[in-house]
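Q: Sharing a structure with you now.
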Amino acid sequence: MSSRKGAFRNSPPSVNFFTSVDEENSDLSEAATVERAEERRLEQLKRMSAQDNATLKSVDSEIFDNGPFQQGFHSSGVNGHVVSSPFEISHYPIEIQENKIALQRQISHRARLESSTCQERDLMCLSPLSGHGIAEELERECLSPQHIEMHTFRDAIDVNYQRMALTGEELSGVPLEDLKTASALIIEALKLREEYMDRIGCHFPATTKHFLSGHFPRNLPKYRKKNTEQNVEPPVEPPRASPDDLDGVGAANTSFHPPEPPVDHWGLNDPLPTFPVVYRLERKHGVTQILGADGELVDTFRPYYISKDKFLKDTERLIFMITDGPLKSFCYRRLKYLENKFQLHVLLNELRELHEQKSVPHRDFYNIRKVDTHIHAASSMNQKHLLRFIKKKMKTEADTVVLEKNGKQTTLREVFEGLGISAYDLSVDMLDVHADRNMFHRFDKFNAKYNPVGESTLREIFIKTDNFVDGKYFAEVLKEVLSDLEDSKYQQTEPRLSIYGRSKDEWDKLAHWAISHDVWSPNARWMVQIPRLYDIYKAKKMIKNFDVILDNVFTPLFEVTNDPASHPDLHRFLQMVSGIDSVDDESKHEYVQFDRSTAQPEFYVDSENPPYSYYLYYMYANITVLNAFRRARGLNTFALRPHCGEAGHVNHLVAGYLTSESISHGLLLRKVPVLQYLFYLSQMGIAMSPLSNNSLFISYNRNPLPEYLMKGLNVSLSTDDPLQFHFTKEALMEEYSIAAQVWKLSSCDMCELARNSVLQSGFEDKVKIHWLGPSYREEGVIGNDVSRTNVPDIRVSYRYEAMVDELTNLFRTKHL
């Protein structure tokens, strides 16, 4: 013990804040020699200071000039002679010899650290942020004018890699007053999102929630180990799964594959649930009211209603924040810091991450779970697939009646004869459904590409669910797509099916189509998209006001939740629906602004389309109450995951930040550093489609996805429309392969994107525990199972530690 104390006290402090410079193998005589040499060195420094005081004015340079990473560190303490500059080649033989010895000591010291016991690691891995975990002996022995306090948080003590941290008091790079002001605004914005996510019942990061509640940073977990069964502290947020969902305790006892689905996957043989209370439903101000027998709003659901004034007030507050100059500068600097910090992390730890991936048996990028979190069902097949399908039907079902116009029925043969096309003539070029260079910034041309051969008739026949043949052909081609996914085994998808809001029976027709044609796969969960087409319906006099659309979209959902027997097929179909999307061209100019003077939906009769935020607010207001209603009934709930930030005004992202669990595209975030930083701190999901964006809005090399990934935003890769943008059978793999080639993504990067896609997806917890591990809801390295995700613990630990450091930097100002 005396040897340890002597070495620790007399060795110059190390810049490496995770380990102590402890020469355990040195004997007492060596320690005494070093001590005498150090005393002579200090005397020499005093004499030099008396001669020329200017040479010692810079404390920082003195610290780093004598650090363990400099060439003359060990030799300078032996005889005090002037050695070569740290950045020059050594000139003296004794210096070269001493440098070799120093290098050998560093290598042996690092090897000892890797194999040290857990008790020793506990001492070395103390977090300065814990406040109470610094040993008194360490404090006493580190009292030195050259001691550097490093500010960082360590996720797990048994995950070792090259970490980086900051020194000094002002860790943000801005004056303290600016930091206080910026932190207060950021914290206010995070509280708003937490409030909105709690109301709708969507995910909000537990770590950020603990910081907002004041539980962190004072009670940040310490001494955590990767093995969750040995954790000193209980999990922050355990998996939301029943014991029946887990085969045992821990990852080792949970199978890698979910159990086989039942044969009756739609539950047709199961009785419909009945509920003791059936409420009265009524529309008011664009939202469905759940009323009791007395005609009053049920108290249970009252907290889930949000007023228009509340939403507008919060929106205006966020708009003020994103336009605040000092806050924009602060967020921009923090984002650039995160980006450069990640580049340093890769520079130092890339080989370690690769080694960890190689150490995992069997698992690689090809056999980890990947979810296509943004894809439209009508364009989920590639152009060659659709061509083969149409040719096959022209040969095998030419005499099938597929259309009825003006009381006249038309067969498939007659349709193509009218177009002057035979099965032999038809080609991919003639089909003309693929994107070309003329589509850039032309969303109208993009929509026209959904019409094979430029004919809306063929779209009506082959890729619609509600037509003369009851969507038979669309169901068949979709089942072929889903069959290909099942063959690939590790690729999942969330296709969007459309509900337009023109009539109330659309939901029943869609559910009947899915169940009657058995369009189902264990690799798919459905999402429903609501196109923002009020102005078109109004011009055609199909609706009277905006509330008609809301009524047609949401009333059937409330009715089937209230009494499943009222819509039996819809009740079964909704069990396979994970979320609701809002789609259309965001670049269209908004002639109407959403403010307090904007009419309520039942009085909105303007010919112009309502603004994006108007749509999103009323969708959020209805889904919030619907989710509360379904949770009370024990039914699954829905997430709001709209297209947002692809083009148009940045205010779309403000509405999306408040109301949505995740968004698709998010290109405009690159122009709004405040929102981008908030997306990072709240880990809000962004499903990005670079190939789609390349054809429509932004060239591939300018896509911000690699920047988002480096900064730590929760991004995933998706295909959007394989019919228009992809060539191969596996569109999602095509998306990954092109991204890897263009942006030079590593295997670790792609596996991280794949893991993010599973986390963002709407698959059930009981499925995700098999794909990601039973502790996947734990944040940080504890929730990562590298044997399932192939994401190294080093990468996950780095992400979590960086986020905790950012949050700590923000929230420490509350106590200053």
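Q: Among V560, V548, V519, which is the only one that is modelled with pLDDT of 95 or more, among the hydrophobic types (A, V, I, L, M, F, W, C) and closer than 21 Å to G201 by Cβ?
A: V560
Q: Being open to solvent by 20 Å² or more (accessible area, probe 1.4 Å) and either part of a helix (DSSP H, G or I) or touching a residue at least 60 places away in the same chain (Cβ under 8 Å) (or both) is true for just one of A599, A628, A621, A632. Which residue is that?
A: On inspection, the qualifying residue turns out to be A632.
Q: Looking only at residues in segment 141-174 that are surrounded by 15 or more Cβ atoms within 10 Å (Cβ to Cβ) and of a type in the set (S, T, Y), which one is modelled with the highest pLDDT?
A: The extreme case among them is Y161.
Q: What are the pairs, 6+ residues apart or on separate chains, where a residue within segment 277-291 that is without any contact (Cβ under 8 Å) to a residue 24 or more places away in the chain has its Cβ under 8 Å from a residue that is acidic (D, E) and open to solvent by 60 Å² or more (accessible area, probe 1.4 Å)?
A: Qualifying pairs under 8 Å: Q289/E282; L291/E282.
Q: Take P673 and decide whether it is touching a Lys or Arg at 6+ places or on another chain (Cβ under 8 Å), open to solvent by 10 Å² or more (accessible area, probe 1.4 Å) and modelled with pLDDT of 95 or more.
A: Taking the combined requirement at face value, the residue satisfies it.
Q: Would you say R572 is closer than 28 Å to K766 by Cα, open to solvent by 20 Å² or more (accessible area, probe 1.4 Å), at pLDDT 95 or above and in contact with a helix residue (DSSP H, G or I) (Cβ under 7 Å, 6 or more places away or on another chain)?
A: Answer is yes for this residue.
Q: What about V758, is it more than 25 Å from F440 (Cα to Cα) and touching a Phe, Trp or Tyr at 6+ places or on another chain (Cβ under 6 Å)?
A: Yes; evaluated as a whole, the condition is true for this residue.
Q: Moving to a separate point now. Tell me which residues, restricted to segment 679-688, are within 10 Å of the chain's Cα centre (by Cα), in contact (Cβ under 8 Å) with a residue 60 or more places away in the chain and not in a loop (DSSP other than H, G, I, E, B).
A: Correct list: Y680, G685, A687.
Q: Is it true that E177 is over 25 Å from the mean Cα position of the chain (by Cα), acidic (D, E), open to solvent by 30 Å² or more (accessible area, probe 1.4 Å) and at pLDDT 80 or above?
A: Against the criterion (over 25 Å from the mean Cα position of the chain (by Cα), acidic (D, E), open to solvent by 30 Å² or more (accessible area, probe 1.4 Å) and at pLDDT 80 or above), E177 qualifies.
Q: Tell me, which residue of segment 451-473 that is hydrophobic (A, V, I, L, M, F, W, C) and without any contact (Cβ under 8 Å) to a residue 60 or more places away in the chain is nearest to V401 (Cα to Cα)?
A: I461
Q: What do you reckon, is I536 aliphatic (A, V, I, L, M) and open to solvent by 20 Å² or more (accessible area, probe 1.4 Å)?
A: yes
Q: Kindly establish whether Y657 is under 19 Å from G762 (Cα atoms), touching a residue at least 12 places away in the same chain (Cβ under 8 Å) and under 19 Å from the mean Cα position of the chain (by Cα).
A: For Y657, the condition - under 19 Å from G762 (Cα atoms), touching a residue at least 12 places away in the same chain (Cβ under 8 Å) and under 19 Å from the mean Cα position of the chain (by Cα) - is met.
Q: Based on what the data block shows, is R193 open to solvent by less than 30 Å² (accessible area, probe 1.4 Å), at pLDDT below 90 and either out of contact with any helix residue (DSSP H, G or I) (no Cβ under 6 Å at 6 or more places or on another chain) or in a helix (DSSP H, G or I) (or both)?
A: no
Q: How about segment 774-792: which of its residues are out of contact with any Gly (no Cβ under 7 Å at 6 or more places or on another chain) and open to solvent by 20 Å² or more (accessible area, probe 1.4 Å)?
A: Across segment 774-792, the qualifying residues are E779, V786, S787.
Q: Return the pair list, or none, for Cβ contacts closer than 7 Å from residues in segment 803-814 that are farther than 9 Å from L681 by Cα and of a type outside the set (F, W, Y) to residues that are open to solvent by 10 Å² or more (accessible area, probe 1.4 Å) and part of a helix (DSSP H, G or I), at least 6 apart or on different chains.
A: Qualifying pairs under 7 Å: T808/L129; L810/I187; T813/K180.
Q: Go through V528, V477, V481 for me and flag whichever is surrounded by 18 or more Cβ atoms within 10 Å (Cβ to Cβ), touching a strand residue (DSSP E or B) at 6+ places or on another chain (Cβ under 6 Å), of a type in the set (V, I, T) and closer than 28 Å to E260 by Cα.
A: Only one candidate passes the filter, namely V528.
The values are calculated or read from the model by the stated rules, or taken from the named source; none is laboratory data. Every value quoted in this text rests on a predicted model; they were computed, and no experiment measured them. Note that each Cβ is placed from the backbone with ideal geometry, even for glycine, and that neighbours are counted across all protein chains shown. Accessible surface is based on the protein model in full, side chains and every heavy atom, while ligands, DNA and RNA are left aside. Shrake-Rupley method; radii C 1.70, N 1.55, O 1.52, S 1.80 Å.
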